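Down below is the structure, laid out as structure tokens.
The values are calculated or read from the model by the stated rules, or taken from the named source; none is laboratory data. Treat the numbers as computed from the prediction; the structure is a model and nothing was measured. Cβ atoms come from the backbone with ideal geometry, glycine included; neighbour counts cover every protein chain shown. In case anyone asks, the SASA skips ligands and DNA or RNA and just uses the protein heavy atoms, side chains included. Shrake-Rupley method; radii C 1.70, N 1.55, O 1.52, S 1.80 Å.
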Amino acid sequence: MPKEWPTIAKLETFVPSAQGAGGDYHRQGKGHWIIQGDISCPMHKYPDWRESRAKWGIGVLGSLFVKITATDGTVGYATGFGGPPACWLIEEHFSRFVIGADPRDTNMIWDQMFRASMFYGRKGLPLAAISVVDLAIWDLVGKIRGEPIYKMIGGRTKKEIPLYLTGPQSASAKKLGFWGSKVALPHGPPDGLEGIRKNVAFLKSKRDEVGPDYPIMVDCWMSLDVPYTLQLVKATEDAGVKIHWWEEVLHPDDFDGHRTLKKAFPHILFTTGEHEYSKYGFRKLIEDRSIDILQPDVMWLGGLTELIKVAAMAAAYDIPVVPHGSGPYSFHAIMSFPNSDFCEYIANSPDGHTVWPSFGNLFTNEVLPVNGKVNLTDEPGFGLELNPQAELVPYSHFFKPTKGIGYASEKPEEITQQP
């Protein structure tokens, strides 16, 4: 460990050009199960956009890659979601809070980026951009220290991490050793009562594939409302189809709706949080106690710095935190958090029968599940090595700002005031 700590000298952003590479797992090729139209989503209300999730733009932003170089030459990096718009925010706004900073000051850097973007941010794309910068800074600090991230945030709390598999093939999930299978719900409110019958039949078929006791979870991806959920859960129970939990059934901001569901079905597990952001967004979910498991995405909610805070808040209420996807970034957090007993793994293969790396070919050594579990080594940072063959398009190749629009390197006195 250095006697004099290096500071951050350079920040660069890139867009991975290959399909399926990087943090936006939605950008997949034709025929991939993740983008198919038989997954209930908010856009199913409009028939013209039901054909596939790619058609209405689920992968429109794409992946993001951030590289941060310290004054001693050490490099930290991370991937996430946001594509070119996130690159713009990072290069033209957030970079001023990063370059020149001591990378150990993660709380201050995060807080400055968040406060400076409150007038247009707080959720969504700006938080996704902050997340990847934050993860890259943590990776840098780990490499300078020569320590893995999980050892820097509290150390090991479990021998290994059990995983459940998200994908269309429940039988394959069981065969591969995952403790449970999460499937996407096919139909939502636009499909009416017939859709409920089809949903029950679909879930029954999945139950028949794996037997009576293997856990099956249902991902509803923000697509239901309270009346439909009440009907669907009751119909599933009446049919004798046991569901381990129902995930993200409502619009993320429908806190009252979650309370209604929990009151109606106190014995049913409801989970959400994938599309929630920052400690402020999770505060209400935690205080209300209507959600049984919180599922923040470390690449979206604000990065590891913010995930640590959310997990601590939830721990005070004995609420488990099981991050959504995000592969190694989630693994390091879960290995350290006492209130995180397992993790999600998304089947990135086109048919969902096998497991592929979470970030495609972006890294050469991504840890993969073995018998439905993962362990972590003592490799520094997040332990990821960039693939030298990875196709990374630099920010400067698609954004060439000119003076007068307020880009990051432009001094206030250089901006021409308009009469």
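Could you tally the net charge around PRO212, taking each other residue with its Cβ under 13 Å from the Cβ of PRO212, Lys/Arg +1 and Asp/Glu -1?
With Lys, Arg at +1 and Asp, Glu at -1, the neighbours total +2.
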Q.
How tilted is helix 304-315 with respect to the longest principal axis of the chain? Cα atoms for both, answer in degrees (0 to 90, nearest 10).
A. 40 degrees
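Which percent of the accessible area of segment 322-391 is formed by carbon and sulfur heavy atoms (probe 1.4 angstrom)?
Working: 1390 of 2620 Å².
That fraction is 53 percent.
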Q. Taking every eigenvalue of the Cα gyration tensor of segment 147-191, multiplying by 5 and rooting it, what semi-axes result, largest first, whole Å?
A. 33, 16, 7
Q. Residue farthest toward the positive end of the dipole of the chain, with Cβ of Lys/Arg at +1 and Asp/Glu at -1: which of ALA116, LEU232, ALA347?
A. LEU232
Q. For LYS175, which aspartates and glutamates qualify as cross-link partners when the Cα separation must be under 16 Å and same-chain residues fewer than eight apart are set aside?
A. ASP208, GLU209, ASP213, ASP351
Q: Round to the nearest 10 and give me the degree value, 0 to 90, for the angle of helix 106-116's Cα axis relative to the longest principal axis of the chain.
A: 80 degrees
Q | Rounded, prolate or oblate (a/c below 1.5 giving rounded, otherwise prolate when a/b exceeds b/c) for segment 73-183 by Cα gyration tensor | A | oblate
Q) Counting only protein heavy atoms and using a 1.4 Å probe, what share of the accessible area of segment 98-225 belongs to carbon plus sulfur, as a whole percent? A) 54 percent
**Q.** Integer Hz, Karplus 6.51/-1.76/1.60 couplings in order for segment 319-334, x for Gly and Pro
**A.** 9, x, 10, 10, x, 6, x, 6, x, x, 5, 6, 4, 5, 5, 5
Q | Under-5 Å amide H pairs with GLN36, H placed in peptide plane, nonlocal only | A | ARG53
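Give the calculated FRET efficiency between ASP48 and GLU4 to the nearest 0.05, with a Förster radius of 41 Å applied to their Cβ-Cβ distance. Each step should come with its number before you reach the end.
On the way: r = 61 Å, r/R0 = 1.48.
Efficiency computed from Cβ-Cβ geometry: 0.10.
Tally Lys and Arg at +1 and Asp and Glu at -1 over the other residues with C-beta under 14 Å from the C-beta of ASN375: what net charge comes out?
Residues close to ASN375 contribute a combined charge of +1.
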Q: Work the Kirkwood hydrodynamic radius out for segment 14-90: mean of 1/r over every pair of different alpha-carbon atoms, inverted, in Å.
A: 13.9 Å
Q | Pairs of lysines in segment 214-295 (C-alpha under 15 Å apart; 8 or more residues apart or interchain) | A | 4
Q. Pick the calculated Cα extents along the principal axes in Å for this structure from [x] 68, 58, 42; [y] 89, 57, 42; [z] 77, 67, 42?
A. [x]
Q: Round to the nearest 10 and give me the degree value, 0 to 90, for the angle of helix 125-145's Cα axis relative to the longest principal axis of the chain.
A: 70 degrees
**Q.** Of the trypsin sites (Lys or Arg not before Pro) in segment 95-170, those whose Cβ has at most 11 other Cβ within 10 Å and which sit in DSSP loop
**A.** LYS159
**Q.** Rounded accessible area per residue of the chain, 1.4 Å, Å²
**A.** 42 Å²
Q: Could you pull out the trypsin sites (Lys or Arg not before Pro) across segment 237-316 that fall in loop regions by DSSP (anything but H, G, I, E, B) with no more than 15 other Cβ atoms inside 10 Å?
A: LYS242, ARG289
Q. For the chain, what is the calculated [θ] at 222 nm in deg cm²/dmol (nearest 500), taking -39500 (n - 2.57) for each run of four or more DSSP H residues and dividing by its residue count?
A. -9500 deg cm²/dmol
Q. Distance in nm between label sites at LYS198 and LEU230, each 7 Å beyond Cα in the beta-carbon direction?
A. 2.5 nm
Q: Report, in whole Å, the centroid distance computed from the Cα atoms of segment 255-281 and segment 175-210.
A: 21 Å
**Q.** Note, ³J(HN,Hα) from phi for segment 382-396, Karplus 6.51, -1.76, 1.60, rounded to Hz, x at Gly and Pro
**A.** 7, x, 9, 10, 5, 6, x, 8, 5, 8, 10, 8, x, 3, 5
Q: Please give the FRET efficiency for ASP72 paired with ASP341, using the beta carbon to beta carbon distance and R0 = 45 Å, rounded to the nearest 0.05.
A: 0.75
Q) So which GluC sites (Glu not before Pro) in segment 307-396 pass both tests, a DSSP loop state and at most 16 other Cβ atoms within 10 Å of the Cβ? A) GLU385, GLU391
